[in-house]
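The values are calculated or read from the model by the stated rules, or taken from the named source; none is laboratory data. These numbers come from a predicted model, not from an experiment. No Cβ is skipped: glycine too gets one built from the backbone with ideal geometry, and neighbour counts run over all protein chains shown. These accessible areas exclude ligands, DNA and RNA; they are computed on the full protein's heavy atoms, side chains included. Shrake-Rupley method; radii C 1.70, N 1.55, O 1.52, S 1.80 Å.
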Amino acid sequence: MESPLVTAYLISVGFLLMGAGYSVVLARHSTQPRLQWSYGVLCVLFALFQMGNALQYAAPDTAAALQAHRWLNLWSLLVPPVIVYLFELLGTRRPRLRLTGAAAAVTLVLVVHNFTADYGYRFNQLASDRLVTLPWGESIRLLSGSADMPYQLLRVLTLGLMAAALPGLRPGDTVRPDRAHWRWLPWVGMGLMATSAMLALLSDTGALSLPYVSGFAFLVMSVGFLWVVMEDLGRLHSRVRSRRRRAHGGSVAPAPQPQDQPLTPRARPAAQQQQQPQPQPQPAQAAAPQNPPALQPAARLARRAPDAEDTRFSGLSDRAGLLRQLTPVLDEHQRNAASLAVFVFDIDRFDLLCATHGHAAGDALLAQLAGRLQQAVQGQGLLARGHGASFVVVCTGIAPQAVAQRYAQLDNAFALPVAVSGKVLNVRASAGVARFPGDGVTAEAVVNAAELALHDAKSTGRSGGPLKTFTPALKDHLQEQMELEDALSHALERREFLLHYQPQVNGETGQVACMEALVRWQHPARGLVSPLRFISLAESSGVIHALGAWVLNEACRQLAAWHQQGHAGLRMAVNLSAHQLEDEGLETLITDTLARHRLRPADLELEITESVLMPQIERASERLAALRALGVRLSIDDFGTGYSSLTYLRRLPVHAFKLDRSFIRDVDLSGRGQAVCATAIGLAFDLGLEIVAEGVETVQQAQLLKHWGCHLLQGYLFARPMAAEAAGAFLVSTATQPDEPVQAAPAAPAEPLVVPLQMAPAA
């Protein structure tokens, strides 16, 4: 039987275990690892307690409920000593642990009593079995009876121990005077635990019919506790940055310390050292050492006069400075026939991080990462800041086969959480790498190559891996993309686009019911360009809106002409991209275009690729409903590619879907392929939708699809995409032929094999 309550307990188990894992990570970087470990133990205990609740309330009988009850008693008994220990840790860095010892001794006695008594440590007598119906109609098995004396004493003793621990909480290294607004957190935690304990006691005696809620109370309390933990971790990293700055000649600026805040005992010596005068940096030409430049540590590079001031990276050279310093390094490597690698790291979604946490947090994050990278370089290369949120790392004397290992070492600087302004941030970085001398023989060339590789890594996303290696083919590809994008911006005004049309044939009558408009780009130098190459460029450059409006207008103009030639029942299908679907002016554009060419809304069918609809199903449903209100037909293109869409079909206000060609390809060869197609067609009938099979190339495929009742067929068996004139002739020829639904139509004029337009590339 489905149980919302049991489900809620199980969900809380997952969150609590996540909190335990998080505390383990924080313990490695905290000034008080014992506090983090105790919090992790609490999370595990409450997770086990919640699991015991789920087992008890789902138990089929009283015996099973009582068995689960004993185990949840065990985990609840272990909680008080850990809570008292945690409170003592919050109060002082070196707790005496007397209260914790007392709580542990009492707990040990009660654990033994719990497994030796007849009904566990809570009851000395169990009331009759009772099923309680909750407000939402669910029935659960609650245990109640007369409370055992040890249980009552434990409740009083636990509250007393925690109350005795609270006065010990005082501002120190963990709760500073400037964080006085956090002093209420222990009191809130005390209140939550006391309230949940009182509710449990009333439920055990039968005065209330409530499940145990202590685990949920801990979840609420832990949110505030994590707040304190993150601030503690932030102060730790501030101290680490200060030590690194002193160790590396001031290359990383420490987090600013407000002047009106009293310093903690540990922070005071660091502040005194920061106030000592630092030696002024010498000009770059005067500081140049006699050793080969390849062996200069990153700290020495940082002490050189920067080319531009930047408080985020005090002292780090910028890109121009790096190029000047890298030139003699390359000369030295060339004389020694040695190789090096240039890595460019860029933080993923850094703009979003700044927008949500503030630019000050972004600057602090970059400063900490710069310090980590300096530690990772450790005299074996050079470090500089790049554009935006990027770093350039030059690894000297590294063999090509060691590049991957060196990348893994550098990437560790981004792998660990970063504490900024009391918050712990998890960041990832994409990277590109180029090698000297294979990918460039000058400083400018090799850095440019690494930046091109980074651009490819950012463009392809994490699916392609966080690191991309430069190749000559990559440069050629990106150069070609840039040339195409430049030419694309002028293609419309130069009238280089044209439409081809591919028919959709009625499976019963063999007559053409619809023409699909497919855009082509007739490039003056490259010839016919595949839509797979230019549609994504049109979307990224913003040309897609103008191009989409042109396609819609030209397709409707041609349909109106065919209607005047006697093909009155013909429809026109036009693809929509994701960008067009989100355009709030799309409805007006469609209405005006139909009116201009005197077409009915039902004459137009809009095809939207499945991969566009599924990631944001609610938003897609709203937009499709607005389009359907116009009276146009809606169809899902490439159905079944990459998403489990069957459960969403009933929610999308569409008229039809197109079964992807990948399912049709093997329909006459594979029994599994036949089962998929037959099931999809049957589903369409059940949902009252029309189905179009695209990619039909053989008579056997057409016969099988007709046998299953497929409404429309589209593919090379009937015609390839054709220019408007050839498509008109095709319409005339099929209109005069007798009904032969599965026979191939007269061959259309030959055309280079190109991929039909996908205004949003298929998954």
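At a Cα cut-off below 21 Å, give the lysines reachable from residue 475, other chains included and same-chain residues fewer than 8 away excluded.
By straight Cα distance, residue 475 reaches 458.
Residue 118 accessible area, nearest 10 Å², 1.4 Å probe?
110 Å²
Among the GluC sites (Glu not before Pro) in the stretch 517-620, which ones are in a DSSP loop with at most 14 other Cβ atoms within 10 Å of the Cβ? Mind listing them?
Those satisfying the criteria are 582, 584.
Treating only the Cβ atoms of Lys and Arg (+1) and Asp and Glu (-1) as charged, compute the dipole magnitude of the stretch 451-513 about its Cα centre; round to the nearest 20 debye.
Using Cβ point charges on Lys, Arg, Asp and Glu, the stretch 451-513 gives about 240 debye.
How would you rank 407-417, 385-395, highest first, on the average number of other Cβ atoms within 10 Å across their residues?
Per-residue Cβ counts within 10 Å, averaged per peptide and sorted highest first, yield 385-395, 407-417.
Rounded to the nearest 5, what % of the DSSP beta bridges within the stretch 497-615 are antiparallel ones?
Of those bridges, close to 60 percent are antiparallel.
Just order 697-703, 434-440 by mean Cβ neighbour count inside 10 Å, highest at the front, would you?
434-440, 697-703
Need one word for the stretch 487-586: rounded, prolate or oblate. Basis is the Cα gyration tensor (sqrt eigenvalues a ≥ b ≥ c); a/c below 1.5 gives rounded, then a/b vs b/c decides.
Prolate, because a/c is 1.5 or more and a/b exceeds b/c.
Mind jotting down the distance between the C-alpha centroids of the stretch 673-691 and the stretch 409-437, whole Å?
Cα centroid to Cα centroid, the span is 48 Å.
Determine the sum of side-chain charges near residue 591: Lys and Arg each +1, Asp and Glu each -1, restricted to other residues whose C-beta is under 14 angstrom from that of residue 591.
That works out to -1.
Relative contact order for the stretch 674-735: what is it in percent, counting Cα pairs under 8 Å that are at least 6 residues apart? Walk me through the intermediate numbers first.
On the way: 43 pairs, mean separation 19.4, N = 62.
Reported as a whole number, the value is 31 percent.
Peptides 365-375, 50-60: what's the order by average Cβ count within 10 Å, highest mean first? Don't skip to the answer; put the middle values down first.
On the way: 365-375: 22.7, 50-60: 21.0.
Per-residue Cβ counts within 10 Å, averaged per peptide and sorted highest first, yield 365-375, 50-60.
What does the charge count near residue 427 come to, summing +1 for each Lys or Arg and -1 for each Asp or Glu among other residues with Cβ under 10 Å from its Cβ?
+1
Could you compute how much accessible surface residue 617 exposes when probed at 1.4 Å, giving the result in Å² to the nearest 10?
Counting only protein heavy atoms, residue 617 exposes about 20 Å² to solvent.
Rounded to the nearest whole Å², what accessible area per residue is found for the stretch 409-546 with the 1.4 Å probe? Kindly include the intermediate steps, with their values, before the conclusion.
Working: 5940 Å² over 138 residues.
Accessible area per residue: 43 Å².
With a 1.4 Å probe and every protein chain left in place, tell me how much accessible area residue 471 has, in Å² to the nearest 10.
Approximately 60 Å² for this residue.
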